[in-house]
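Each remark here refers to the structure printed beneath this line.
Just so it is clear, none of the values below were taken in a lab; they were calculated from the coordinates. Just so you know, these numbers come straight off a predicted model, no measurement behind them. Reconstructed Cβ throughout: ideal geometry from the backbone, glycine too, with neighbour counts over all protein chains shown.
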Amino acid sequence: MANDQPAKLYLQWMNDAYSQELALVPVLENHAKDLEAHGLDSARVRQHVTETQRHAESMKECITRAGGEVSALKGALGKTIGAVHSVSSAIFSDELIKNCLSDFAAENMEIASYTSLIAAAESIGDTQTATTCKAILDEEIRMADWLKDQIPVITLHMMDDAKTDAHK
């Protein structure tokens, strides 16, 4: 890929997506544990951990194929931010709903990012990355839809827990 400004911007965006995926792995792993601790099913979140790890690897391959290098700084920063964020809601009594809302927001940010990356890839003729990003986008949309459906479920679970706690 030519070393021009659009190419640099494109590689930067791919590195951002890579970093974002790395950051989400520990967050999702912790949120799955939180669901289990409350007796809720974590299978879909655990499935998305695997998908997210695969997304990171796919983006790494796209960066390399486009002639770029994976940003060690962005990768390390993503992992660090993810580790901190994964436990950031633990101090709140409504941790489950905060996790769900945060995850829903993160998935929608990823949807926007991959939508942008698809447009960028298509504009420079990188059909392989566009195809990869479309596949990732489909999985992100499915996860966001699942999380949206979980918001009322977890909200009601939290309300029931609050009622039970009030009777103690």
Suppose R0 equals 45 Å; then what is the FRET efficiency for MET159 and GLU57 from their Cβ-Cβ distance, rounded to the nearest 0.05? 0.70
Whole-Hz couplings from phi, Karplus 6.51/-1.76/1.60, listed for segment 7-21; x for Gly and Pro: 5, 4, 4, 4, 5, 4, 5, 5, 5, 4, 5, 4, 4, 4, 5
If I model a spin label as a point 7 Å beyond the Cα along the Cα-Cβ vector, how far apart are those points for HIS38 and ASP149 in nm? 1.8 nm
HN-Hα couplings for segment 104-120 via Karplus (6.51, -1.76, 1.60; θ = phi - 60°), in whole Hz with x for Gly/Pro, come out as 4, 5, 4, 5, 5, 5, 5, 4, 5, 4, 6, 4, 5, 4, 4, 4, 5
For each pair in LYS8/LYS60; LYS8/LYS98; LYS98/LYS163, compute the distance between the two Cα atoms and list the pairs where it is over 26 Å. LYS8/LYS98
Taking θ = phi - 60°, what integer Hz values does the Karplus form 6.51 cos²θ - 1.76 cosθ + 1.60 yield along segment 38-55, in sequence order, with x for Gly and Pro? 9, x, 9, 6, 10, 4, 5, 5, 4, 4, 6, 4, 4, 4, 5, 4, 5, 4
